[in-house]
Amino acid sequence: MIALGDEFAHVEIVLDPVTGRLTAYVLDGEAERGVRIAQEDLGVVVRSPSLRIALAAVASPLTGERIGDTSQFEADAPELRGIASFDAVLPSITVRGQEFQSVPFNFPEGNEEE
């Protein structure tokens, strides 16, 4: 879990280790509910292997979410197949009008202290 601000919001990153599909969910401060954001993609910069990934906004007829108004983002990153851990940065994300830049995290640890 990646905390944005002082528990203002969270981003949960999920990696399918077989396919390399990376999914990000933008969540509220309690990490209980999805928070729709206006971005059409969400960037992730992986340090090793050196990789820039643009996760595309996902529309969902079930929830009514659409591109530019969604809480889910996905991308295929075959370079991450079989990788259990990596360090990365969210370059920029805007949630409920508040912008966060250069947010470092570890997958799967996140950036929160237990």
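Suppose the filter is in contact with a Ser or Thr (Cβ under 6 Å, 6 or more places away or on another chain), of a type in the set (Gly, Ala, Ser) and crowded, with 19+ Cβ neighbours inside 10 Å; does Ala24 pass it?
Working: in contact with a Ser or Thr (Cβ under 6 Å, 6 or more places away or on another chain): no; of a type in the set (Gly, Ala, Ser): yes; crowded, with 19+ Cβ neighbours inside 10 Å: yes.
Here the answer is no, as Ala24 does not meet what is asked.
In region 33-59, which residue that is over 22 Å from Leu80 (Cα atoms), free of Cβ contacts under 8 Å to residues at least 60 places away in the same chain and under 15 Å from the mean Cα position of the chain (by Cα) is surrounded by the fewest Cβ atoms within 10 Å (Cβ to Cβ)? Walk me through how you get there before you give the answer.
Residues of region 33-59 over 22 Å from Leu80 (Cα atoms): 33-40, 59.
Going one step further and asking which of them are free of Cβ contacts under 8 Å to residues at least 60 places away in the same chain, we end up with 33-34, 36-40, 59.
Imposing the further condition that a residue be under 15 Å from the mean Cα position of the chain (by Cα) reduces the set to 33-34, 36-40.
Details: Arg33: 9, Gly34: 16, Arg36: 18, Ile37: 20, Ala38: 12, Gln39: 20, Glu40: 12.
Selected residue: Arg33.
The rows are residues; the columns are (1) farther than 22 Å from Glu7 by Cβ; (2) aliphatic (A, V, I, L, M).
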site	(1), (2)
Gly34	no, no
Ala38	no, yes
Gly43	yes, no
Arg47	yes, no
Ile67	yes, yes
Ala75	yes, yes
Ile83	yes, yes
Val89	no, yes
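Hand me the list of strands (runs of 3 or more DSSP E) wholly inside the chain holding 3 or more residues that are among the polar types (S, T, N, Q) and modelled with pLDDT of 95 or more. Walk me through how you get there before you give the answer.
On the way: elements: 2-4, 9-15, 21-28, 41-46, 51-57, 72-76, 86-95, 98-107.
The qualifying strands (runs of 3 or more DSSP E) are 98-107.
The values are calculated or read from the model by the stated rules, or taken from the named source; none is laboratory data. Bear in mind that the values here come from a model prediction, so they are computed numbers and not experimental data. Cβ coordinates were reconstructed from backbone atoms using ideal geometry, including for glycine residues, and neighbour counts include every protein chain displayed.
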